[in-house]
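Below is one structure; the comments refer to it alone.
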Amino acid sequence: MRKGYIWLVVGVMLLAPWRGAAADSNATHRAYYLIITGGELLEGAVADAHTPFITKTLLPLGLKCVGVSIVDDLDEDLTAAVRQATNKAHLVLVTGGLGPTDNDITRQTLSKCTGIPLKENPDLLREMARRFGTPEAELRPNLRRQTEVPVRGGYLKNNVGTAAGLIFDLEQGHVIALPGPPRELQTMVREQLLPFLRQHYGIRAQPSSLLVRFLGVGQSQIDHTIKQKLTMPPGVLVGSTFEGSRVDFTFTLPEDSPAARQALETLKEQLFQVLGDNIYATSPETLEEVICRRLKERGHRLAVVEMGSSGSVMAALGRAAHARETIPQGWTAMAEAVLYRTLGVPAEQWQRLAAGPERLKLAAASAAQQGSADCVLVVGPAQPAGAGSATLTAVLQLPGGQGVEQNFVFRPGAEGQPALVTQIMGFLWKRLP
């Protein structure tokens, strides 16, 4: 009872600023406040990538950020931040805390703050069940929670993850929650949030923009190359983000005109001349989506066999468009003996080979015989390499049985997995036919 009473008082207090904001000028209507959640940010474990991306994306559209708060994943901290934000702007954007774990409290906290209940959305529930291959009635409670949306407002579709964005529709504005993973957030902002803001906040027309996605080269090197070798169009705004060893650069001109589009097209040609070997897309397509699209266009199918990558390669590919048509099978095991037994390879056959590429080629051949894939990726077991790093070898069997291999150095554990996945995806991107 005592906790419920506290939330009732907070909800009433939080609504007051919105009524006061109604009398403000149009500038307030076009202002927004940004709240970034995550204790790891406050501890310095990771850097805030959301603020520069969101502010640089929305500024050319006429929306101005009037404040940013970074808060821990705690009810009281997020509540205080929302109250401060609603004193300053009609529009509040909150990032993170929409996942399935116990510290993902954004959904419930915003519901209490705004007084807007949550309800399972049948479309999201159906999609969640499809994604996990489970009947709706058997979905785990923490997954079902991700299908709850405000009864007054709605949601933003997540095309690359499970956590939908949430729209809390208040009398004089909105509180909108976005997912925390940068790839999910950035895709949602571009594909879902911008059309919503254009409809409800009268933002000006989408400017001309060019998105260039890089692999295998760092932000500083890209920036240095651009400054040294390219001629930038006058007035262009440049933004960049980094995640899992992948770098995105966005080049924006305020107006969408033939001259602006031509200037960006010329810039793109210059970028390909100096950095073309590292550019995997000039659209929101992920690296995994580029790989799966290429497989589909060329009529190939890829099977995945994993040891040292713990199933993370298959998981990344499985989220991509066209994955169902192009990635028919996958095997994962931590121990070689278990994997070869699963693939039906007699123990004496693989034990005769020295550990390394020859064994992996045997695994690729065995996997190819079991399915309809004409390409097979085998990620070998990880080996300690000193100084907190590890190594592994991957073998890619191409149509016709030819095999190519590559060694990777990475930092073991959850922290190093995204970079390892990116390295392996880069290997596929370079080597697949």
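The values are calculated or read from the model by the stated rules, or taken from the named source; none is laboratory data. The structure displayed is predicted, hence computed values, not measured ones. Cβ placement follows ideal geometry from the backbone for every residue including glycine, while neighbour counts extend to all protein chains displayed. Note: accessible area is taken over every heavy atom of the protein model, side chains too, but ligands, DNA and RNA are not part of it. Shrake-Rupley method; radii C 1.70, N 1.55, O 1.52, S 1.80 Å.
Taking the numbered list (1) within 21 Å of E184 (Cβ to Cβ); (2) in contact with a His (Cβ under 8 Å, 6 or more places away or on another chain) in turn, L98 passes all entries but (2).
When you scan the stretch 246-257, do you find a residue that is part of a strand (DSSP E or B), at pLDDT below 95 and among the basic types (K, R), even just one? Within the stretch 246-257, one or more residues are part of a strand (DSSP E or B), at pLDDT below 95 and among the basic types (K, R). A85: in a loop (DSSP other than H, G, I, E, B) and either without any contact (Cβ under 8 Å) to a residue 24 or more places away in the chain or open to solvent by less than 20 Å² (accessible area, probe 1.4 Å) (or both), yes or no? Considered against the rule, which asks whether it is in a loop (DSSP other than H, G, I, E, B) and either without any contact (Cβ under 8 Å) to a residue 24 or more places away in the chain or open to solvent by less than 20 Å² (accessible area, probe 1.4 Å) (or both), A85 comes out as no. Within the stretch 308-342, the set of residues being surrounded by fewer than 17 Cβ atoms within 10 Å (Cβ to Cβ), over 24 Å from the mean Cα position of the chain (by Cα) and in a helix (DSSP H, G or I) comprises A337, V338, R341, T342.
Across the stretch 357-388, which residue is most open to solvent (accessible area, probe 1.4 Å) among those that are modelled with pLDDT under 90 and assigned to a helix (DSSP H, G or I)? The residue in question is Q369. For the stretch 153-174, the condition holds for at least one residue, the condition being that it is touching a strand residue (DSSP E or B) at 6+ places or on another chain (Cβ under 9 Å), under 22 Å from I36 (Cα atoms), among the aromatic types (F, W, Y) and open to solvent by less than 60 Å² (accessible area, probe 1.4 Å). Filtering the stretch 239-261 to residues that are farther than 21 Å from E288 by Cα, of a type in the set (A, V, I, L, M, F, W, C) and surrounded by 13 or more Cβ atoms within 10 Å (Cβ to Cβ) leaves F251, L253, A260.
Annotation: of all residues in the stretch 112-128 being open to solvent by less than 20 Å² (accessible area, probe 1.4 Å) and in contact (Cβ under 8 Å) with a residue 24 or more places away in the chain, the one that is farthest from V82 (Cα to Cα) is M128. The set of residues from the stretch 127-159 being of a type outside the set (A, V, I, L, M, F, W, C) and assigned to a strand (DSSP E or B) comprises E148, P150, G153, G154, Y155. Does E285 fit the bill of being within 22 Å of the chain's Cα centre (by Cα) and within 30 Å of S372 (Cα to Cα)? So E285 fits the description; yes. For the stretch 51-82, a residue qualifies if it is under 24 Å from the mean Cα position of the chain (by Cα), more than 25 Å from E191 (Cβ to Cβ) and in a helix (DSSP H, G or I), and exactly one does: L78. Within the stretch 44-68, the set of residues being open to solvent by less than 20 Å² (accessible area, probe 1.4 Å), in contact with a strand residue (DSSP E or B) (Cβ under 8 Å, 6 or more places away or on another chain) and either over 19 Å from F242 (Cα atoms) or small (G, A, S) (or both) comprises P60, L63, G67.
Selection of the stretch 392-425 for residues being outside any strand (DSSP E or B), in contact (Cβ under 8 Å) with a residue 40 or more places away in the chain and either hydrophobic (A, V, I, L, M, F, W, C) or open to solvent by 10 Å² or more (accessible area, probe 1.4 Å) (or both) yields P399, Q417, P418, A419, L420, V421, Q423, I424, M425. The requirement of being open to solvent by 60 Å² or more (accessible area, probe 1.4 Å) and without any contact (Cβ under 8 Å) to a residue 60 or more places away in the chain is fulfilled nowhere in the stretch 282-290; no residue meets it. Under the condition of being in contact with an Asp or Glu (Cβ under 7 Å, 6 or more places away or on another chain) and either assigned to a strand (DSSP E or B) or at pLDDT 95 or above (or both), the residues counted in the stretch 109-126 number 4.
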